[in-house]
Each structure stands twice: as C-alpha cells, then as structure tokens.
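Visitor: Below is a structure I'd like to ask you about.
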Amino acid sequence: MSRAFYITTPIYYVNDKPHIGHAYTTIACDVLARFKRLDGFKVRFLTGTDEHGQKVAKAAAEKGMTPQALCDQNSQNFRDLAKTLGASNDDFIRTTEPRHVRACQALWEKLTAAGQITLGKYEGWYAVRDEAFYDEGELVTNAAGEKVAPSGAPVEWMVEENYSFPLSQWQDKLLAFYDANPDFIGPKSRFNEVYSFVKGGLQDLSISRTAFSWGIPVPNDPKHVMYVWIDALTNYITALGYPDDTADFQAFWSGPDSFAMHMVGKDIIRFHCVYWPAFLMAANVPVPKRVFAHGWWTVEGQKMSKSLGNAIDPNAMVAKYGLDQIRYFLLREVPFGNDGDFSEAAIAGRINGELANALGNLAQRFLSFIAKNLGGVLPAPGDFTPDDRALLTACDGLLAQCRDAMERQAFHDMIEAVWGVVRDANIYVDKQAPWSLRKTDPARMNTVLWVLAETVRHIAILIQPFMPTSAAKMLDQLAVAPEARTFAHLTPAHALKGGIGLPTPEGVFPRYGEPKAGKGP
C-alpha cells in the first residue's frame, strides 16, 4: 500500500461564483484527505484557482477592472469557501503566482526540447466559455440554428498562428496506457467514455493563443500566451515544486510510494484524462495514478442555471443546514460518480432520520442513562453473550470495509457500512433493554452499556472524515483522548476502559427545523 497520498480538486475558474458543485468536489477531496491521514498516510491536499484565459480578460474589461484585480477579488471567494467547508487543504494555488509561471514555462521548454511543439496556423471551432476546441462532428445545432459545443456554449471559427501539440501521435500510447492501468479513470463509465473518445481518433491540439494577452507567455515568443488548459493542468505539479526535483515531488508524484489523484467534474474529464497524460508522457514526467470524475447536482429536479437563478450558495447552505450535515448529505445521497438532486425534503430526511434519530439518539440514550444512573462512570464489561460478540465483531470488521470503499471513492458505500452497524446497535439496545436490566441484572446492564459505548467509539472514529466536528463531540463524550482517535486505535487493545468518568452528555445532531444549540436529538 502506498503511504503518500496526493489529492487535488480542479482549480476553480475565477469567472464563476462558488456553488454547490464546487463545494461537492472540495468536500469529497477533504474526506479522502482526512481518511488517509487517520489511516497513517502522509497526505498533501491541494485546491486553488484558475485565473488565465479569454473569459477572464473579457469579464474584467466589462467590469472596468484589470484581469489581475478581478482574479484577486474572485480567488478570495474560493479561498473563503474552503474555510467555510472545513477543508483541510495544505496548499492553495493561484495560476498567477510566479511559482506557477516558472513551472509552466519549464514544462513548455521540456516539450519543445522533445520535439513536441511546432509553430503553424490553426483553424478550428473554439468555445470561449469552455476554453476548448471542438471537432465539427462534436457540434450540435441549437434552437436558433447556431452551432454550439456539446456543453451548449457558442462556438466561433478561429484562425490563428499557434503552437501545436501532436496529440494525434499519442493515440496508441494513451490506449496502451489505459489498457495497462484500468483504474486510472473512475468510475468505469467515464473510463469507457474516454477510451471510446481516444479510440475514435485524436486531432493535434493548439496550445497557444495570440488573440489576447492574459496568460502565461510562451518562452522566447511572448506574443503567444499558453492555452489555458496546459497552464491550468500544470498547477498539480507546480504545487509540489516542479520543475525542481523536490522532496515533495518525489514523495507525492514520482516516488515508488506515491499516489497522486485528481478529483474533477465529469465535464472536464477529457482535459485530465487525455491531454494531461499526453503532455506528461511527452515531457517524460510521471502520470498521476487516478482521475475520478463525479456527477452534477440539480436543484429540486432542475438544472442549475443563471437564467433560473437557482444556483445554491454554499455559504447559505451551510448556515441553513449545518456544515457536518451538508458534508454528510452530499456524499450520502447518491453513489459518487452519479448525478444527484438537492432538495429540502431529501436533506431533511437524512438529517432527521439518519443523523438525529439513528446515530444521535443511539448515543444520547445510553450516555444519558450512564449519567443519570451510574454517576457518569462507564462500567466495566462482564462476560460477553453471542449478541455482544456479534455487534463487537461487526465493529471490528468496519475498517476493512471502509478502506475498500474509499479506495474506490465509493463514499456512499462507506457510509452505508457504518450505518449498518448503527442500525445493528439500535436493534441491540432495544433488545437488551438496559433500563430493565438495571433492576433485574445490573452486571448484565454494565456489559450492555460498555458494548454500546465501544460501538459508538468505532463509529465516531470512522465518521471523522465526513463530520469532523460532530465526531469530535461524540468522542469527547466518551472521554477518548485526541491522540487516540486514529484508525490504528480501532482494535480491542485500545478499547474503552471501565471506570472512567464521562462528561455530561449533550445532543450532537439536532433535528432539522429545531434550534441547533442546547437541544438533544
């Protein structure tokens, strides 16, 4: 198992306002980063902003601003978003930073030295909104009779002197790479999509522009600026010190124990799974281990759009429902990789049914019982019955299931595995009825309460990546020391000790629609 893990969001385009899609990707990456850290990995988590290109220059001109001023303003929105979402990113990169300009120009020079960049005239359909070129066969005609890209973006015929990259020459090498690395693209449906696209034939790629100047200058030919995607994609290695062979670059990108992974939306999979590996192979730079493309969110059944005005502001979303609740819902509601729908009814159902009723009430019931009837002291267990052992065995098996799910980025599978034990524990407490055992068999009551506490300890440790604040509150109420909350502590040797004093319990998951402070589930 690789012990160094590098996870990146796409760098977010500064011409956008942060919305639920940006939040979704950032939260997913944060959950992976936190999971790996708890599992003993050395982790680097990167996010940031993409700040060059024709769209930015045009938007700045319309606002009467310089492109740099617009980028400074809008980049801060995404830096603030990471904080709002509780993201644990180690770095935030901007493509206007000097370190990134240096890395892009170094990669360009490497490609030039390898004979992979030539100067000529390029003609083709270009969508400014997508910052992408399209073949004639990819275009569709809209209701107004205009040619548009598959995304719906209008296209224009562009004729420019450009530098080009011989992408067509990399078709067979890319297919061979996909065959040798079937886990490079996830989920499988996206792998098939990319494989089919490449197998259908690749065209050489224009990688510079002269129609505008807001970009990274091409080395030795500053009237050209780099195509925004060769600029943007390079950010992933800029942050590790490229072009220098730094310790970080070796640890997280090129070393034998490294695992570098990009998380992206499905709309930009071609850039990350076709262009990016081709650029890297051509420059003799290692290719990342995996790219996962997730789906899109609709809102109450409708696609988000400016015309409908239904894009969800993540800040308002967190303020309304709670941060941990949002983190949980987004990764619980649909299998990661599929499209999902954000609705008031769906999130209220998850918050009230699974968080407040199932998990919150489970913990509150036995903790309150201990506080009221045992002076807040956790009892020591006696002999275990088959029912006790069954629940404890289910706890012991959770970590392996969670690791498997997270290796596949199947967040919903991990949550379902944990909630399977939550459901088992609720059945267990109803069957064992410790409130009845208090009068008839106090020794048995002690064992039941200890088994419940140990079960919730396992659950709380494992859900930390998804709901770090709520999980920490649960572990605090079990008097679990901060240093004893890693996955290495999910063993019988680190089980709770009888006789420890527990703090006064408080509800962790309020029901949606009720005050968040001072109320239990």
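Visitor: For an R0 of 35 angstrom, estimate the FRET efficiency from the Cβ-Cβ distance between R3 and W296 and round to the nearest 0.05.
Guide: 0.55
Visitor: Pull out the extension gain between S254 and T486, defined as 0.36 nm times the separation in residues minus the alpha carbon to alpha carbon distance; nm, one decimal.
Guide: Full-extension gain reported as 80.8 nm.
Visitor: Can you tell me how much longer the chain between E138 and A69 gets when fully stretched, taken as 0.36 nm per residue apart minus their C-alpha distance, in nm with one decimal?
Guide: 21.3 nm
Visitor: For the pair D245 and R423, how long in nm is the line joining their label points, each one 7 Å along Cα→Cβ?
Guide: Label at D245, label at R423, 5.4 nm between them.
Visitor: With label points built 7 Å along Cα→Cβ from the Cα atoms of A400 and D383, find their separation and express it in nm.
Guide: Rounded to a tenth, the inter-label distance reads 2.9 nm.
Visitor: Continuing with this model, one more query. Using a 10 angstrom Cβ neighbour count of at most 10 plus a DSSP loop assignment to flag exposed trypsin sites (Lys or Arg not before Pro), which longest range of the chain is free of such sites?
Guide: No qualifying site falls inside 1-305, the longest such stretch.
Visitor: Say each of E109 and R438 gets a label point 7 Å from the Cα, pointing the same way as Cα to Cβ; how far apart are those two points in nm?
Guide: Spacing of the two 7 Å Cα→Cβ label points: 7.6 nm.
Visitor: Let me ask something else. Relative contact order for the chain: what is it in percent, counting Cα pairs under 8 Å that are at least 6 residues apart?
Guide: 16
Visitor: Okay, next question. Between D313 and L374, 0.36 nm times their residue separation minus their Cα-Cα distance comes to what? Write out the running numbers ahead of the final one.
Guide: Numbers: separation 61, 0.36 × 61 = 21.96 nm, distance 4.64 nm.
Contour length minus Cα-Cα distance gives 17.3 nm.
Visitor: A further question on this structure: Run through the DSSP bridge list for the chain and note the antiparallel percent, rounded to the nearest 5.
Guide: Of the beta bridges lying entirely in the chain, close to 45 percent run antiparallel.
Visitor: What do you get for GluC sites (Glu not before Pro) in the range 411-519 restricted to DSSP loop and a cutoff of at most 16 other Cβ within 10 Å of the site's Cβ?
Guide: Filter output for the range 411-519: E506.
Visitor: With the radius of gyration and the Kirkwood radius both derived from the Cα set of the range 4-295, what is their ratio Rg to Rh?
Guide: Rg/Rh: 0.94.
Visitor: Continuing with the same structure: Please state the shape class of the chain: rounded when a/c is under 1.5, otherwise prolate if a/b exceeds b/c and oblate if not, all from the C-alpha gyration tensor. Mind showing how you got there, number by number?
Guide: Working: a/c = 2.53, a/b = 2.09, b/c = 1.21.
Prolate.
Visitor: Counting other Cβ atoms within 10 Å, which GluC sites (Glu not before Pro) in the range 56-146 have at most 14 and lie in a DSSP loop?
Guide: Those that pass, being in a loop and sparsely packed, are E146.
Visitor: Nearest 500 deg cm²/dmol is fine: what mean residue ellipticity at 222 nm does the chain get from its DSSP H runs of n ≥ 4 alone, each adding -39,500 (n - 2.57), divided by its residue count?
Guide: -13000 deg cm²/dmol
Read the figures in this text as sums done on the coordinates, not as results from a lab. Fair warning: this is a prediction, and the values are worked out from it, not measured in the lab. Glycine also receives a Cβ, built like all others from the backbone with ideal geometry; neighbour counts cover every protein chain displayed.
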